[in-house]
1. Output yes when any residue across the range A:138-160 is in contact with a helix residue (DSSP H, G or I) (Cβ under 8 Å, 6 or more places away or on another chain), farther than 30 Å from A:LEU57 by Cβ, open to solvent by 10 Å² or more (accessible area, probe 1.4 Å) and of a type in the set (Phe, Trp, Tyr), and no when none is.
2. Considering only the range B:336-348, state which residues are open to solvent by 50 Å² or more (accessible area, probe 1.4 Å), in a helix (DSSP H, G or I) and small (Gly, Ala, Ser).
3. Provide a single number: the residues in the range A:393-448 that are among the polar types (S, T, N, Q), away from chain B (no Cβ under 14 Å) and in contact with an Asp or Glu (Cβ under 9 Å, 6 or more places away or on another chain).
4. Name the residues in the range A:295-335 that are in a helix (DSSP H, G or I), open to solvent by 10 Å² or more (accessible area, probe 1.4 Å) and in contact with a helix residue (DSSP H, G or I) (Cβ under 9 Å, 6 or more places away or on another chain), would you?
5. Given the criteria assigned to a loop (DSSP other than H, G, I, E, B) and among the charged types (D, E, K, R), does A:GLU105 qualify?
6. If you scan the range B:429-466, which residues turn out to be assigned to a helix (DSSP H, G or I) and touching a residue at least 60 places away in the same chain (Cβ under 8 Å)?
7. Report those helices (runs of 4 or more DSSP H) wholly inside the range B:350-416 carrying at least 2 residues which are closer than 26 Å to A:ARG271 by Cβ.
8. Could you check B:VAL406 against (1) crowded, with 20+ Cβ neighbours inside 10 Å; (2) of a type in the set (Val, Ile, Thr); (3) farther than 30 Å from A:ASP374 by Cβ and say which number it fails?
2 protein chains.
Amino acid sequence: MGLAARDWAAQAAQCRDILKQSIPISYQIPHEKLPPKSRLNVAGFPRESGQLSERELLITETTATDLVNKMGSETWTAEEVTVAFLKRATIGQQLLNFATEFLAEDALAQAKRLDAIFQETHELVGPLHGVPISVKEHIGIKGRVCNAGFVGWSDFVSPDDAYIVQFLRNAGAIIHVRTNEPQSLMHMDSANNITGRTLNPFNRNLSPGGSSGGEGASLGFRCAALGAGTDIGGSSRLPAAFNGVYGFRPTACRLPLAGLRATGPGQESIRGVVGPLASSVDDLELFMKSVLDQNPWKKDPSLVPVPWRSVDTPVSLTVGIMKDDNVVHPHPPITRALLVAEQKLKAAGVNIVEWEPFQHGQINKITMSLFSADGHRNLKEALETSGEPILPLTEGVLNWGNGISVYENWELDYKREILRAQYHGLMQQRGIDVILSPVYLGVAPEHETGTYIGYTSVWNVLDHPAVVIPTGLAVDQDLDVSDTAYRPRSELDAKEQAKYAPERFRDAPIGLQLIGKHFGDEELLARAKLVHQIITSP
Amino acid sequence: MGLAARDWAAQAAQCRDILKQSIPISYQIPHEKLPPKSRLNVAGFPRESGQLSERELLITETTATDLVNKMGSETWTAEEVTVAFLKRATIGQQLLNFATEFLAEDALAQAKRLDAIFQETHELVGPLHGVPISVKEHIGIKGRVCNAGFVGWSDFVSPDDAYIVQFLRNAGAIIHVRTNEPQSLMHMDSANNITGRTLNPFNRNLSPGGSSGGEGASLGFRCAALGAGTDIGGSSRLPAAFNGVYGFRPTACRLPLAGLRATGPGQESIRGVVGPLASSVDDLELFMKSVLDQNPWKKDPSLVPVPWRSVDTPVSLTVGIMKDDNVVHPHPPITRALLVAEQKLKAAGVNIVEWEPFQHGQINKITMSLFSADGHRNLKEALETSGEPILPLTEGVLNWGNGISVYENWELDYKREILRAQYHGLMQQRGIDVILSPVYLGVAPEHETGTYIGYTSVWNVLDHPAVVIPTGLAVDQDLDVSDTAYRPRSELDAKEQAKYAPERFRDAPIGLQLIGKHFGDEELLARAKLVHQIITSP
């Protein structure tokens, strides 16, 4: 073992120690009482464990919106809410390895403060009063290491809370746990050389998604009432779908990014965003409204001054269904979920139009060129700082492209602008309110196998808001058999289809994606509530 | 003469012919009645010429806001307003060569349509009913050549009106003349190999500014009631200042750019904007409000959905005065105008704070690197298409930098974001409502000599709205003597100061710049009205 190798391992161990030291040991389940590693679906384990009271189980299975109401009506205190989520998160950590650091002491102190204020004033301190929120690790927390999944960055301590954290805390939120992310922040998975691999609570053989995979597992296991992820190509939506929860990619420049760490922060061709994960569409809206009601653009000039608007439930609705992006065929469970949704929507009187994807293959090519425009120099530098081993999915990212010139970058930016205008025009022309589509070609992939991000990343490139809703369906061994009529349309398509076999994806939840119009975030969420209600009705 | 040389000359002649054919000959002044070339200040010539009636002189010296009122009260018809401006513009063309194409027939037909509608409905068709607007040539007009000042682009015919033209026309505006711009669209001057050089109406030895120099001369000579220029480094503000009129650089992404032609349209590090020129601050506001009240973001997804807000006249005001950017000393007339303004503002009870420029030298360096990030490949290609001669100021532009990598571009974008946040924070911290500063280190430079754009371009980089107001002052041979105490701070500074001698700049008007906060366009214009009123009071 050479010097560099020893160094990176030592650095990684240092960060891992932070995690270890932070875990609230008293909430841990004794090792012998944990389910065996062979048990794949552990989503129901908290109830079986005996570690949480009925009241704590109820608290942790309550939406953020209702939690706030319950604290407002003095049914629950912020402290007991925080304890309940910390307990559940501790078990989650034992089973899923989703965290990078617990903030138990801070969280409990903050909960007590909130309770004291409420006792005195009988008023909630804000719209997120006492809501335990998990936060993706690369969103900085004052005084704490922020490594963004890179061993080489493990000495960086955030001088301040990231702006989004400040706004959440101002609204009364409690940050109780920080969550895992993959090396490079660009995998559809969540493993790195520091805190290792996060597992999917519904099937531990499967990926929790990425790059906000720790958040996905956190919300899927109900370790938190709300989650703050990020999304530049699907990073908040893929984990939401894979873990059976709700995830949102708002239009860019609405939520602040200051205080986040990632490679190449000046890359603006495809803008990353903060994207919440939640247990309901109402909770996604609560997150957005709580932040935007504070006029974050007054603090951060990179944001646009567009307040959160209240939008009524739509009286009529036209949904464009995109069953396939014409690049990669979805797997059988996704196609079934789309058909079920289509039938239910039609039966409910929703106007359904087939949505022919517009140049998704072309958009995918632009995506890969723009993500690799610097020839991955930023990513390579971050890796080389420590000499840490390059994980296989990172190798895949490094193959996205070899870099382009500024001249070519401008050409692609311009093409992207034309495509945005065309897509915008088509939605208007066809009278489409929202597009319903897959989130990914399949349900949660097996670890290290998911790579095709086209179903989510097109909306980052086009800068449309997009929300993931669970369908209430999961992979069904009888219904979701392999498609015998399948004919590959390309090598990529064949490779992706070959990954499917129903028995590999037992219990995996099926989410779908709804896409709105640029800056139509409010309308999208209002419509998503209605669509979700219809497609999950019996 | 080689083939290429003959070719470019023939192509240029073809475009020049379009101009020649379009001039309303009946409005021209016989050659012998024109003032001699030696007469420098021709701003008063329309009155002397006998070509315009008193009524026509009055019409052409009325603001757009008042013109609309007068047409609403049936005092004037759109047709007579259009005829008056066409007459004045024809004389302007003879004296200043500011146009690239007259649209007299279209304009008169449109004016008659407006009058007919008004006769029938007794209602104005929109907030710009019958207002003759000149439009910079690179803003496309349906069915007409749009060469953007490049000989090699002279075969390009715009398939549609640029969006900004569509919105102006929808509001009732009449586009009666298109205006000149320099080769490359990046000079602080307006000469190209097609329609030649535009002159300054107050002193024909001086530049009208650029790149919207044709617009500057148009408004300065009152050839139009409003003007549509563009601004990526000062291109609407420098011409406004040099021609004694008002010019505005709004925050980016508020006015649509679709349908404009320029090199490197995908360059987004420093965003170009449409910038109006006008005869009052009210008229600038009229332009903005008329367009934004049509919700242009619904048509163009590159815009932010921020409506134009009504803002009251401020009850209190804190102005930061920046007398020098610490890079290049202003010339004596500018310093005098700032001192006069400061005295008057103080006397009027305005709170005045010295504004210490924050890293302007650093911002200038970033500006030059970002403007030349493609190694000028786009510009070179546009020039090489025809092989037209490269003008000296274009040579200067080509020396701004040799190009950078995408990696470096991202670094600079990130630095720019940090600087934006810092500048924003400083203005908030120091309690500054607006900054008052020079527009340029001097008044209109002599032809081909103006190059330092730092006083305007910093606000493009920082994306602050900035407005130019005339002070009512002009260069005074007695007051504006060279500063004997001047000591150069750099080679650049010495070179710029050496360009000054009062006798060179006889009659040149002095404008000043007011800078607001990012997206505070409405507040800036409201404050500019007040500041203008105070500094032009006796």
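1. Yes: one or more hits.
2. B:ALA347
3. So the first thing to find is which residues in the range A:393-448 are among the polar types (S, T, N, Q), and the list is A:394, A:399, A:402, A:405, A:409, A:422, A:428-429, A:437.
So of that shortlist, the ones also away from chain B (no Cβ under 14 Å) come out as A:394, A:399, A:437.
If we keep only those that are in contact with an Asp or Glu (Cβ under 9 Å, 6 or more places away or on another chain) too, we end up with A:437.
Selection size over the range A:393-448: 1.
4. The initial filter retains those residues of the range A:295-335 that are in a helix (DSSP H, G or I), namely A:296-298, A:332-335.
Add one more test, that the residue is open to solvent by 10 Å² or more (accessible area, probe 1.4 Å), and what stays is A:297-298, A:332, A:335.
Of everything in the range A:295-335, those that are in a helix (DSSP H, G or I), open to solvent by 10 Å² or more (accessible area, probe 1.4 Å) and in contact with a helix residue (DSSP H, G or I) (Cβ under 9 Å, 6 or more places away or on another chain) turn out to be A:LYS298, A:PRO332.
5. Values: assigned to a loop (DSSP other than H, G, I, E, B): no; among the charged types (D, E, K, R): yes.
No, not satisfied.
6. First pass over the range B:429-466, keeping only residues assigned to a helix (DSSP H, G or I): B:429, B:454-462.
Result: B:GLY454, B:TYR455, B:THR456, B:SER457, B:VAL458, B:TRP459, B:ASN460, B:VAL461, B:LEU462.
7. Details: elements: B:360-371, B:377-384, B:392-398.
In the range B:350-416, the matching helices (runs of 4 or more DSSP H) lie at B:360-371, B:377-384.
8. (3)
The values are calculated or read from the model by the stated rules, or taken from the named source; none is laboratory data. Everything numeric here is computed off the predicted structure, so don't read it as measured data. With ideal geometry, Cβ positions are generated from the backbone for all residues, glycine too; neighbour counts draw on all protein chains shown. Areas reflect the complete protein model, heavy atoms only, side chains present, ligands, DNA and RNA absent. Shrake-Rupley method; radii C 1.70, N 1.55, O 1.52, S 1.80 Å.
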